[in-house]
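Worksheet: the structure to be examined is printed underneath.
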Amino acid sequence: IATAARLGFAPTIGLGAVLSRDEPPASSAEGLTVPVGRDGAETVSLTLGDDREQRHNLLVTGAVGQGKSNFLKVLVHGLAARYSPDEVALYLLDLKEGVSFYPLAATPESPDWLPQAAVIGLETDREFAVAVLDHLYGEFEHRAAMIRPYGDKISTLRDRRPDLVLPRILVIVDEFQVLFEVDDATCERAVDLVERLSRRGRACGIHLVLASQTISGITALLGKQDGIYSQFPIRVAFKNSVGESRAVLGEQNPDAAHLRYRGEAIVNLDYGQRDANRRVLIAAATEGDLDRVRRTCWQRRDPAAP
């Protein structure tokens, strides 16, 4: 009863309140921008692929039930509402139950699948996830060869060759720590691919979102985690323990442990520096909101089902 009473006073904001209505499809040549919530009356958006700010990858954490899965739904559907499949391709891997991404797939229960989704892994095993990352590294090499005659980044190529269809790729790996739970060849390959893609994928329009309930104590990343996490300047931390807050935001930044409401998050665009914290109320994505976005995207569809 006490918990229900506290939640009853928790502020909420609907997904429709942050999404722009009737906005024409946007170009991803200069990056991907998606609204995720509000700080007071101000809508807060995240941008991946901005060459000026050099923010290309995103790290997300949060304890069970604090809003991480909702945030991923907001991220995916916000991008789909703004960018066509020619502008963004989503590679969605869930290494646990697959609940977050299941409605996006083409199934009898969900015929209006999301056209921007190129690959969806539901209840994904480690080998499949690594195969997808391997495929994406091959795509990186292919794109790098295409870009080289025109410069060193995707925006230059798209400016010089507007006829090319070359969507930015967003890879979301939910509960990514599962990749590293067993010390074997699959784990070793996963570490290598995550490190390479997070460091080099940006120039070719490939961006990573790694999400987990916990990032502390991933032994397979010991010695490499600072190098990998340094490629993730954008951090979104939902309520968690002091230790987890320090792990994702920094040793001097326990503020995620002091959040009051489910759905409230610390959004930090500066590698977790405490003076860059913003308390943001993430939009609440109801099934009705999500269905409407998917239905609109599906009606405009062209590519095959994921």
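For the reader, a short list of remarks on this structure follows.
- Scaling against 2.2 N^0.38 Å puts the C-alpha radius of gyration of region 48-94 at 1.33.
- Square roots of 5 times each gyration tensor eigenvalue, C-alpha, region 192-306, largest first, Å: 29, 22, 12
- As a size descriptor, the averaged projected area of the C-alpha convex hull of region 62-163 was calculated at 8.3 nm².
- If you take the Cα centroid of region 169-222 and the Cα centroid of region 233-279, the two points sit 20 Å apart.
- Volume per residue of the C-alpha convex hull in the chain, rounded to whole Å³: 138
- Qualifying GluC sites (Glu not before Pro) in region 197-306, DSSP loop, other Cβ atoms within 10 Å at most 11: GLU251
- Coupling constants for region 246-256 follow from the phi torsions by the Karplus curve (6.51 cos²θ - 1.76 cosθ + 1.60, θ = phi - 60°), and in residue order they are 5, 5, 8, 9, x, 4, 9, 10, x, 5, 5 Hz; glycine and proline get x.
- Using a cutoff of 8 angstrom between alpha carbon atoms and counting only pairs six or more residues apart, the relative contact order for region 26-156 works out to 19 percent.
- Here the gap between SER216 and ALA144, fully extended at 0.36 nm per residue and compared with their Cα-Cα distance, gives a gain of 22.6 nm.
- Over region 120-265 - Rg/Rh using Cα atoms and the Kirkwood inverse-distance radius: 1.02
- With all protein chains in place and a 1.4 Å probe, the accessible surface of the chain carries 49 percent carbon and sulfur.
- Computed log₁₀ I(q)/I(0) - Debye formula, equal Cα scatterers, no solvent, region 162-244, q 0.16, 0.17, 0.22 Å⁻¹: -0.67, -0.75, -1.17
- Those residues of region 133-167 whose amide nitrogen sits under 15 Å from the label point placed on ALA304, 7 Å along Cα→Cβ: none
- In the chain, lysine pairs with alpha-carbon atoms under 22 angstrom apart (chain gap of 8 or more, or interchain): 5
- Å² per residue, accessible surface of the chain at 1.4 Å: 45
- Computed with the Debye formula from one identical point scatterer per Cα of region 108-205, without solvent, the log10 of I(q)/I(0) at q = 0.11 Å⁻¹ comes to -0.42.
- Short-range pairs are left out: with C-alpha atoms under 8 Å and at least six residues apart, the relative contact order of the chain is 26 percent.
The values are calculated or read from the model by the stated rules, or taken from the named source; none is laboratory data. Nothing here was measured: the structure is a model prediction, and the numbers come from that model. Quick reminder, even Gly has a Cβ in these numbers, built from the backbone with ideal geometry, and neighbours come from all protein chains shown. Areas reflect the complete protein model, heavy atoms only, side chains present, ligands, DNA and RNA absent. Shrake-Rupley method; radii C 1.70, N 1.55, O 1.52, S 1.80 Å.
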